[in-house]
Amino acid sequence: MARKSRSQRPLFAVWLCCWAFTCSISIHGVAGVELHQHQSGWAGASSSSDSSSDTSAGGSPTIHLTSLQRCYGVRGRHCLDYYTQPYVALKQPQVHNKPCPNSCSGRGVCHGDTGLCDCPAGVGGRDCSSPDLRPCTNQYRTDKSSKQPASHIGPNKRDKDWTAPGWTQSRCVGVCDDATGICYCDGPHFGRVPAPEGSAAGSPPIRPGRLLHGNCQRLSSDDKGQPLSWGVQHGMSYDEVYGAQGWCTVDTPRVRCSCDMDGVDGDLCQLVT
(Lines give C-alpha, C1' and ligand atoms only; values in the text may rest on other atoms or scores of the structure.)
Protein backbone atom coordinates (compact mmCIF):
# COMPACT_ATOMS: atom_id res chain seq x y z
CA MET A 1 0.00 0.00 0.00
CA ALA A 2 1.37 3.39 -0.96
CA ARG A 3 2.32 5.74 1.87
CA LYS A 4 0.55 9.09 2.19
CA SER A 5 2.50 12.04 0.94
CA ARG A 6 3.48 14.83 3.30
CA SER A 7 0.81 17.12 1.77
CA GLN A 8 -1.90 14.58 2.50
CA ARG A 9 -0.98 14.02 6.16
CA PRO A 10 -2.25 17.39 7.53
CA LEU A 11 -5.63 16.92 5.82
CA PHE A 12 -5.88 13.39 7.21
CA ALA A 13 -5.04 14.67 10.70
CA VAL A 14 -7.77 17.32 10.52
CA TRP A 15 -10.30 14.72 9.41
CA LEU A 16 -9.24 12.37 12.22
CA CYS A 17 -9.64 15.11 14.86
CA CYS A 18 -13.12 16.01 13.60
CA TRP A 19 -14.12 12.36 13.61
CA ALA A 20 -12.86 11.93 17.17
CA PHE A 21 -14.75 15.06 18.34
CA THR A 22 -18.01 13.79 16.81
CA CYS A 23 -17.61 10.32 18.33
CA SER A 24 -16.83 11.85 21.73
CA ILE A 25 -20.11 13.75 21.77
CA SER A 26 -22.02 10.67 20.58
CA ILE A 27 -20.44 8.42 23.22
CA HIS A 28 -21.14 10.87 26.01
CA GLY A 29 -24.74 11.21 24.82
CA VAL A 30 -25.23 7.43 24.89
CA ALA A 31 -23.73 7.30 28.38
CA GLY A 32 -26.51 9.53 29.65
CA VAL A 33 -24.82 12.94 29.69
CA GLU A 34 -27.43 15.66 29.29
CA LEU A 35 -26.69 18.05 26.46
CA HIS A 36 -28.50 21.33 26.59
CA GLN A 37 -28.07 24.98 25.78
CA HIS A 38 -27.87 28.04 28.03
CA GLN A 39 -31.05 30.10 28.32
CA SER A 40 -29.09 32.87 26.61
CA GLY A 41 -28.93 30.66 23.52
CA TRP A 42 -32.68 31.10 23.10
CA ALA A 43 -32.20 34.85 23.18
CA GLY A 44 -30.01 34.85 20.08
CA ALA A 45 -26.63 34.14 21.72
CA SER A 46 -23.54 34.51 19.60
CA SER A 47 -22.45 31.29 17.97
CA SER A 48 -18.85 31.98 19.00
CA SER A 49 -19.49 31.72 22.76
CA ASP A 50 -17.37 29.16 24.60
CA SER A 51 -18.76 25.81 25.62
CA SER A 52 -18.56 24.89 29.29
CA SER A 53 -19.46 22.12 31.70
CA ASP A 54 -20.55 21.90 35.30
CA THR A 55 -21.82 19.31 37.74
CA SER A 56 -25.53 19.04 38.54
CA ALA A 57 -26.95 18.28 41.99
CA GLY A 58 -26.86 14.57 41.21
CA GLY A 59 -23.15 14.67 40.40
CA SER A 60 -23.45 13.97 36.64
CA PRO A 61 -21.63 16.36 34.30
CA THR A 62 -23.65 18.72 32.15
CA ILE A 63 -22.18 20.01 28.90
CA HIS A 64 -23.30 23.41 27.58
CA LEU A 65 -22.84 23.56 23.83
CA THR A 66 -22.85 26.58 21.59
CA SER A 67 -25.16 26.68 18.63
CA LEU A 68 -22.25 25.96 16.29
CA GLN A 69 -21.30 22.89 18.28
CA ARG A 70 -24.88 21.66 18.31
CA CYS A 71 -25.13 22.03 14.55
CA TYR A 72 -21.74 20.56 13.77
CA GLY A 73 -21.85 18.55 10.57
CA VAL A 74 -25.33 19.76 9.56
CA ARG A 75 -25.60 21.03 6.02
CA GLY A 76 -27.49 24.25 5.41
CA ARG A 77 -28.53 26.92 7.94
CA HIS A 78 -31.78 25.47 9.30
CA CYS A 79 -30.14 24.07 12.46
CA LEU A 80 -28.17 27.24 13.23
CA ASP A 81 -31.20 29.45 12.52
CA TYR A 82 -33.26 27.34 14.92
CA TYR A 83 -30.82 27.63 17.83
CA THR A 84 -30.16 31.35 17.35
CA GLN A 85 -33.76 32.47 16.97
CA PRO A 86 -35.04 35.09 19.43
CA TYR A 87 -36.70 33.88 22.60
CA VAL A 88 -40.49 34.28 22.58
CA ALA A 89 -42.08 34.72 25.98
CA LEU A 90 -45.05 32.52 26.87
CA LYS A 91 -48.44 34.19 26.85
CA GLN A 92 -51.39 33.36 29.04
CA PRO A 93 -54.22 31.70 27.10
CA GLN A 94 -57.13 33.90 26.21
CA VAL A 95 -60.06 33.66 28.58
CA HIS A 96 -63.30 32.86 26.77
CA ASN A 97 -66.37 33.97 28.68
CA LYS A 98 -68.98 34.50 26.01
CA PRO A 99 -72.36 33.76 27.65
CA CYS A 100 -74.69 31.04 26.37
CA PRO A 101 -78.49 31.36 26.00
CA ASN A 102 -80.22 30.90 29.35
CA SER A 103 -76.99 29.32 30.68
CA CYS A 104 -77.95 26.20 28.71
CA SER A 105 -80.91 25.77 31.11
CA GLY A 106 -78.54 24.31 33.67
CA ARG A 107 -78.34 21.07 31.65
CA GLY A 108 -75.82 21.59 28.87
CA VAL A 109 -72.19 22.67 28.66
CA CYS A 110 -71.57 26.27 27.65
CA HIS A 111 -68.64 26.84 25.29
CA GLY A 112 -67.30 30.26 26.21
CA ASP A 113 -65.44 30.74 22.94
CA THR A 114 -68.57 30.43 20.78
CA GLY A 115 -71.47 31.07 23.18
CA LEU A 116 -73.09 27.82 22.07
CA CYS A 117 -74.55 25.04 24.22
CA ASP A 118 -73.56 21.38 24.05
CA CYS A 119 -76.75 19.59 25.15
CA PRO A 120 -77.01 16.12 26.71
CA ALA A 121 -79.15 13.35 25.23
CA GLY A 122 -82.86 14.02 25.43
CA VAL A 123 -82.80 17.80 25.12
CA GLY A 124 -81.82 20.23 22.39
CA GLY A 125 -82.40 23.72 21.08
CA ARG A 126 -80.26 26.81 21.56
CA ASP A 127 -80.54 26.61 25.36
CA CYS A 128 -81.08 22.84 25.86
CA SER A 129 -84.70 23.39 26.89
CA SER A 130 -86.46 21.59 24.01
CA PRO A 131 -87.20 17.84 24.09
CA ASP A 132 -85.08 15.85 21.65
CA LEU A 133 -86.30 12.32 22.31
CA ARG A 134 -84.99 8.95 21.18
CA PRO A 135 -87.89 6.58 21.87
CA CYS A 136 -87.49 2.83 21.75
CA THR A 137 -88.88 1.45 18.52
CA ASN A 138 -89.47 -1.68 16.45
CA GLN A 139 -88.57 -0.08 13.12
CA TYR A 140 -86.34 2.62 11.74
CA ARG A 141 -87.61 5.88 10.33
CA THR A 142 -88.37 5.53 6.64
CA ASP A 143 -88.94 9.20 5.83
CA LYS A 144 -85.41 10.61 6.03
CA SER A 145 -86.68 14.17 5.58
CA SER A 146 -88.76 13.96 8.75
CA LYS A 147 -87.27 14.98 12.09
CA GLN A 148 -89.85 12.95 14.00
CA PRO A 149 -88.20 9.77 15.30
CA ALA A 150 -89.87 6.40 14.90
CA SER A 151 -91.44 5.14 18.11
CA HIS A 152 -93.17 2.01 19.43
CA ILE A 153 -93.85 3.11 23.02
CA GLY A 154 -96.88 4.70 24.59
CA PRO A 155 -97.11 7.60 27.05
CA ASN A 156 -96.21 5.17 29.86
CA LYS A 157 -92.83 4.51 28.12
CA ARG A 158 -93.67 0.83 27.49
CA ASP A 159 -93.84 -1.12 24.25
CA LYS A 160 -97.25 -0.74 22.61
CA ASP A 161 -97.63 -4.39 21.63
CA TRP A 162 -95.14 -7.17 22.29
CA THR A 163 -96.75 -9.35 19.64
CA ALA A 164 -96.12 -6.79 16.87
CA PRO A 165 -93.22 -7.78 14.59
CA GLY A 166 -90.09 -5.77 14.04
CA TRP A 167 -86.89 -5.29 16.00
CA THR A 168 -84.19 -2.68 16.52
CA GLN A 169 -81.46 -2.42 19.14
CA SER A 170 -83.68 -0.15 21.23
CA ARG A 171 -86.87 -2.25 21.36
CA CYS A 172 -87.63 -2.87 24.99
CA VAL A 173 -89.70 -5.31 27.11
CA GLY A 174 -89.40 -3.00 30.10
CA VAL A 175 -89.58 0.76 30.59
CA CYS A 176 -87.88 2.87 27.93
CA ASP A 177 -85.91 5.98 28.78
CA ASP A 178 -86.93 7.91 25.69
CA ALA A 179 -84.22 10.53 26.27
CA THR A 180 -81.50 7.99 25.51
CA GLY A 181 -83.29 4.97 24.00
CA ILE A 182 -82.09 2.76 26.88
CA CYS A 183 -84.24 -0.02 28.35
CA TYR A 184 -84.82 -0.62 32.07
CA CYS A 185 -86.69 -3.20 34.11
CA ASP A 186 -90.43 -2.96 34.74
CA GLY A 187 -92.22 -4.03 37.90
CA PRO A 188 -92.44 -3.14 41.60
CA HIS A 189 -88.98 -4.31 42.67
CA PHE A 190 -86.38 -2.93 40.27
CA GLY A 191 -88.60 -1.26 37.71
CA ARG A 192 -87.96 2.23 36.44
CA VAL A 193 -90.39 4.97 37.47
CA PRO A 194 -90.15 7.87 34.99
CA ALA A 195 -90.52 11.52 35.92
CA PRO A 196 -94.18 12.59 36.19
CA GLU A 197 -95.89 13.33 32.89
CA GLY A 198 -95.49 16.97 31.93
CA SER A 199 -92.12 17.34 33.64
CA ALA A 200 -89.53 19.57 32.01
CA ALA A 201 -87.23 18.00 29.45
CA GLY A 202 -84.29 16.30 31.10
CA SER A 203 -86.02 15.77 34.46
CA PRO A 204 -84.59 12.77 36.37
CA PRO A 205 -86.76 9.68 37.00
CA ILE A 206 -88.40 9.02 40.33
CA ARG A 207 -86.60 5.66 40.42
CA PRO A 208 -83.84 4.77 37.92
CA GLY A 209 -84.51 1.03 37.80
CA ARG A 210 -82.19 -1.81 36.86
CA LEU A 211 -80.66 -1.77 33.41
CA LEU A 212 -82.22 -4.21 30.93
CA HIS A 213 -79.70 -4.56 28.14
CA GLY A 214 -78.61 -6.88 25.35
CA ASN A 215 -80.50 -10.16 25.02
CA CYS A 216 -82.35 -9.41 28.26
CA GLN A 217 -84.29 -6.53 26.71
CA ARG A 218 -86.06 -8.89 24.28
CA LEU A 219 -88.00 -11.99 25.21
CA SER A 220 -88.52 -15.25 23.36
CA SER A 221 -92.10 -15.44 24.66
CA ASP A 222 -94.59 -13.37 26.65
CA ASP A 223 -96.06 -14.10 30.08
CA LYS A 224 -98.60 -16.48 28.49
CA GLY A 225 -95.94 -18.51 26.70
CA GLN A 226 -96.73 -17.11 23.27
CA PRO A 227 -93.57 -16.84 21.09
CA LEU A 228 -92.47 -13.33 20.15
CA SER A 229 -91.18 -13.23 16.59
CA TRP A 230 -88.65 -10.48 17.27
CA GLY A 231 -87.05 -12.22 20.25
CA VAL A 232 -87.56 -15.93 19.73
CA GLN A 233 -84.07 -16.48 18.29
CA HIS A 234 -81.85 -14.61 20.79
CA GLY A 235 -84.18 -13.38 23.54
CA MET A 236 -84.44 -14.57 27.14
CA SER A 237 -87.42 -16.46 28.51
CA TYR A 238 -90.04 -14.48 30.37
CA ASP A 239 -89.23 -16.37 33.57
CA GLU A 240 -85.53 -15.44 33.40
CA VAL A 241 -86.40 -11.74 33.35
CA TYR A 242 -89.69 -11.40 35.25
CA GLY A 243 -90.06 -14.77 37.01
CA ALA A 244 -89.68 -15.47 40.74
CA GLN A 245 -85.86 -15.52 40.40
CA GLY A 246 -85.73 -13.16 37.43
CA TRP A 247 -83.32 -10.35 36.69
CA CYS A 248 -85.95 -7.68 37.34
CA THR A 249 -87.37 -9.33 40.45
CA VAL A 250 -84.75 -10.28 43.08
CA ASP A 251 -81.45 -9.09 44.52
CA THR A 252 -79.60 -12.23 43.38
CA PRO A 253 -81.19 -13.27 40.08
CA ARG A 254 -80.64 -16.64 38.47
CA VAL A 255 -79.30 -15.07 35.30
CA ARG A 256 -76.91 -12.19 34.69
CA CYS A 257 -77.71 -9.61 32.05
CA SER A 258 -75.14 -7.55 30.20
CA CYS A 259 -73.95 -4.28 31.74
CA ASP A 260 -71.78 -3.16 28.81
CA MET A 261 -73.30 0.30 28.69
CA ASP A 262 -71.48 3.59 29.19
CA GLY A 263 -71.89 4.92 32.72
CA VAL A 264 -72.76 1.67 34.54
CA ASP A 265 -70.80 -1.21 36.01
CA GLY A 266 -71.08 -3.97 38.59
CA ASP A 267 -72.62 -7.45 38.59
CA LEU A 268 -76.13 -5.98 38.64
CA CYS A 269 -75.37 -2.79 36.70
CA GLN A 270 -75.86 -0.95 39.98
CA LEU A 271 -72.68 1.15 39.90
CA VAL A 272 -72.78 4.54 38.21
CA THR A 273 -69.39 5.41 36.72
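The values are calculated or read from the model by the stated rules, or taken from the named source; none is laboratory data. A quick note: this is a predicted structure, and the numbers were derived from the prediction, not measured. Note that each Cβ is placed from the backbone with ideal geometry, even for glycine, and that neighbours are counted across all protein chains shown. Surface accessibility is based on the protein's heavy atoms, side chains included, excluding ligands, DNA and RNA. Shrake-Rupley method; radii C 1.70, N 1.55, O 1.52, S 1.80 Å.
Results, tabulated for the structure shown:
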{"read-out": "Qualifying position, being within 24 Å of Asp260 (Cβ to Cβ) and either modelled with pLDDT under 95 or of a type in the set (A, V, I, L, M) (or both), among Pro196, Pro204, Pro165", "value": "Pro204"}
{"read-out": "Residues satisfying the stated conditions in the stretch 234-269, i.e. under 25 Å from the mean Cα position of the chain (by Cα), farther than 13 Å from Tyr184 by Cα and not charged (D, E, K, R)", "value": "Gly263, Gly266"}
{"read-out": "One residue from Ser130, Ser146, Ser151, Ser103 being of a type in the set (S, T, N, Q) and on the phi > 0 side of the Ramachandran plot", "value": "Ser103"}
{"read-out": "Checklist (1) within 26 Å of the chain's Cα centre (by Cα); (2) touching a residue at least 12 places away in the same chain (Cβ under 8 Å) applied to Thr84, failing item", "value": "(1)"}
{"read-out": "Residue within the stretch 225-237 that is farther than 25 Å from Thr180 by Cβ, open to solvent by 30 Å² or more (accessible area, probe 1.4 Å) and among the hydroxyl-bearing types (Ser, Thr, Tyr) present", "value": "yes"}
{"read-out": "Filter result for the condition that a residue is modelled with pLDDT under 85, in contact with a Gly (Cβ under 9 Å, 6 or more places away or on another chain) and of a type outside the set (Phe, Trp, Tyr), over Ser52, Ser67", "value": "Ser67"}
{"read-out": "Qualifying positions in the stretch 207-223 - open to solvent by 40 Å² or more (accessible area, probe 1.4 Å) and among the basic types (Lys, Arg)", "value": "Arg207"}
{"read-out": "His78 vs. criteria within 30 Å of Gly202 (Cβ to Cβ), open to solvent by 80 Å² or more (accessible area, probe 1.4 Å) and either at pLDDT 75 or above or over 41 Å from the mean Cα position of the chain (by Cα) (or both)", "value": "no"}
{"read-out": "Strands (runs of 3 or more DSSP E) enclosed by the stretch 119-206 - at least 3 residues per element that are open to solvent by 40 Å² or more (accessible area, probe 1.4 Å)", "value": "130-132"}
{"read-out": "Residues located in the stretch 60-109, provided they are under 30 Å from Asp132 (Cβ atoms) and part of a loop (DSSP other than H, G, I, E, B)", "value": "His96, Asn97, Lys98, Pro99, Cys100, Arg107, Gly108"}
